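The values are calculated or read from the model by the stated rules, or taken from the named source; none is laboratory data. Worth saying up front: this structure is predicted, and the values here are computed from it rather than measured. Cβ placement follows ideal geometry from the backbone for every residue including glycine, while neighbour counts extend to all protein chains displayed. With ligands, DNA and RNA removed, areas are computed over all heavy atoms of the protein, side chains included. Shrake-Rupley method; radii C 1.70, N 1.55, O 1.52, S 1.80 Å.
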Amino acid sequence: MKRFFLASVTGIMLGAVVTTQVAGPLLAQEADRKASVYEQLDLFGDIFERIRAQYVEEVDEGDLIEAAIRGMLTSLDPHSSYLSPDDAADMRVQTRGEFGGLGIEVTQEEGFVKVVSPIDGTPADQAGVEAGDFITHVDGESVLGLGLDQAVDLMRGPVGSEIIITVVREGAGEPFDVSIIRDIITLTAVRSRTVGDTVVLRLTTFSDQTFPSMRDQLAEQVEELGGLDNVNGFVIDLRNNPGGLLNQAVRVSDAFLDAGEIVSTRGRDPQDGDRFNAEEGDLAQGKPIVVLINGGSASASEIVAGALQDHRRAIVVGTKSFGKGSVQTVMPLRGEGAMRLTTARYYTPSGRSIQALGVSPDIIVAQPPRREETEEETPQRGARSEADLRGSLNNDSLSEDERRLIEADRAKAEASADLREEDYQLAYAIDILKGISALGPEYAAALAAQKAD
């Protein structure tokens with residue numbers, strides 16, 4: 001019993017020694033870290049006072065503190081930022097689909113402003129600004145060294161006023177100026193049309209309007225074609241779509257999936273992660289889908305493309321997307337301002353992060369550069385056929401209705417060929433759906449069943 005007591009005392013003493021040896025340094029490190037933080041805050045206070053007292057001109061104290069907050073957030077990544085009360089109000093208006101400006105989504109790279117994408121039909125789009133362009137000057141003033149918010153502020157101005165931006169474009173020999181007239185930007189979240197037997201859904205942004213507008217327009221276009229049996233497939237055009245609201249990306253993806261994960265988000269703390277799953281119900285009812293993307297497709301667009309690609313629900317065509325795979329949370333602050341903070345990365349259903357990598361298309365199809373027509377160019381005359389020969393025999397095996405049907409099909413094929421001159425990538429997507437349709441409904445059904453498995 002005495003030996004047991006001595007052993008117990010010895011064990012307790014050894015435990016106390018070990019605890020002291022382990023916990024002591026950890027507590028010391030924590031104390032040192034806190035001391036270092038307070039020293040840095042004291043340093044900030046010293047610099048703040050020196051500026052107030054000795055800077056060559058009198059400065060506004062509020063502006064100094066706001067600049068420090070902006071600098072702290074922008075040093076984290078290109079998407080974290082401080083929103084002043086005015087900026088926060090503008091952001092809330094923008095997510096509702098109407099705001100004033102040029103109509104471009106921008107980020108910052110190597111000190112310059114980089115265009116993620118111009119928005120369809122906006123002044124920037126009409127002026128010829130392209131995804132991937134670098135803006136180096138605004139009205140002759142360099143943006144190098146400015147924060148993204150400061151550069152964006154330079155581009156703001158009264159509706160109807162002119163702005164001249166200097167652009168550096170890959171493949172262009174020299175920087176060039178682009179004149180843009182500022183205007184009210186009214187975002188049409190979805191535009192739709194039919195090309196032959198294909199329904200084309202052009203999604204320009206992910207605002208509050210996107211899913212309900214897409215759902216309603218899809219139904220209208222299907223009805224215009226005479227029902228889903230007459231539709232050979234759908235094209236979801238996400239080119240130059242800079243993204244937007246996460247919940248809208250989830251709803252758009254869910255619209256074409258019956259089950260399975262759509263996207264997951266993972267923050268620094270594993271408990272802060274989230275997972276979004278599809279519910280039963282496919283608006284396209286298993287019809288083939290082609291998704292179009294390019295370097296201007298970012299964020300929410302990449303969620304949709306990645307989800308439909310991973311579930312083999314769609315063929316992704318185009319060029320590699322932008323690669324913005326991070327989630328920003330807007331946190332209200334005192335004084336009506338807000339903070340946009342990167343809080344997580346998002347992952348496609350297969351577990352891949354597209355941050356800085358983008359979504360790679362299943363079929364890479366580049367859009368040819370726009371070619372200006374010259375006066376010397378003349379339309380080529382169609383090749384002569386048997387029907388053009390004098391005295392050729394008539395085809396007596398077709399009824400008048402059959403002949404009209406063949407002529408209608410030929411007109412559709414010619415319209416599709418003409419589309420290649422206007423939009424080669426879209427024409428390619430439509431040709432894929434026509435090819436699947438040509439193999440017959442049995443093939444399409446087998447394809448849908450394979451994707452479901």
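Order the following by accessible area, largest value first: Glu141, Glu261. Probe radius 1.4 Å; ligands, DNA and RNA are ignored.
Largest to smallest exposure gives the sequence Glu141, Glu261.
Got a sec to turn the phi values of segment 65-80 into Karplus ³J(HN,Hα) couplings, 6.51 cos²θ - 1.76 cosθ + 1.60 with θ = phi - 60°, whole Hz, x for Gly and Pro?
Whole-Hz 3J(HN,Hα) from phi for segment 65-80: 5, 5, 5, 5, 5, 4, x, 4, 6, 5, 6, 6, 6, x, 10, 7.
Return the long-range amide H neighbours of Ala344 (sequence gap of 5 or more, or a different chain), with a cut-off of under 5 Å between placed amide H atoms.
The answer is Val327.
Taking the simple approach of a point 7 Å from Cα along Cα-to-Cβ for both Ala366 and Asp258, what is their distance in nm?
4.0
All other residues with a Cβ under 11 Å from the Cβ of Val159 taken together, and with Lys, Arg as +1 and Asp, Glu as -1, what is their net charge?
+1
Over the heavy atoms of Met331, what accessible area does a 1.4 Å probe trace out, to the nearest 10 Å²?
Result for Met331: roughly 60 Å² accessible.
Set the Förster radius R0 to 30 Å, insert the Cβ-Cβ distance between Glu61 and Asp90 as r into 1/(1 + (r/R0)^6), and round the FRET efficiency to 0.05.
0.75
For a label point 7 angstrom out from the Cα of Leu439 toward its Cβ, which stretches of segment 268-293 have the backbone nitrogen within less than 12 Å?
Counting backbone N atoms under 12 Å from the label point, the list is 288.
Starting from the amide H of Ile354, placed 1.01 Å from N in the peptide plane, find each other amide H under 5 Å away whose residue is 5 or more places distant or on another chain.
Result for Ile354 returns Thr348.
What is segment 48-128's relative contact order, in percent, from Cα pairs under 8 angstrom and six or more apart in sequence?
16
Pop a pseudo-label 7 angstrom from the Cα along the beta-carbon direction at both Arg33 and Arg404 and give the gap in nm to one decimal.
Modelled inter-label distance: 8.0 nm.
So how far apart, in nm, are the two label points at Thr329 and Asp272 if each is 7 Å from Cα heading toward Cβ?
Placing both labels 7 Å along Cα→Cβ, they lie 0.5 nm apart.
Please go through the residue pairs Lys287/Lys320; Lys114/Lys320; Lys114/Lys287 and name each one whose alpha carbons sit more than 27 Å apart in this structure.
Checking Cα-Cα distances, Lys114/Lys287 exceed 27 Å.
Show the residues, 5+ positions off or on another chain, whose built amide H is closer than 5 Å to the amide H of Ile262.
Phe276, Asn277, Ala278
Using the Karplus equation 6.51 cos²θ - 1.76 cosθ + 1.60 (θ = phi - 60°), what ³J(HN,Hα) coupling, rounded to whole Hz, does each residue of segment 225-242 give in order, writing x for Gly and Pro?
7, x, x, 5, 5, 8, 9, 8, x, 10, 10, 9, 8, 10, 5, 6, 8, x
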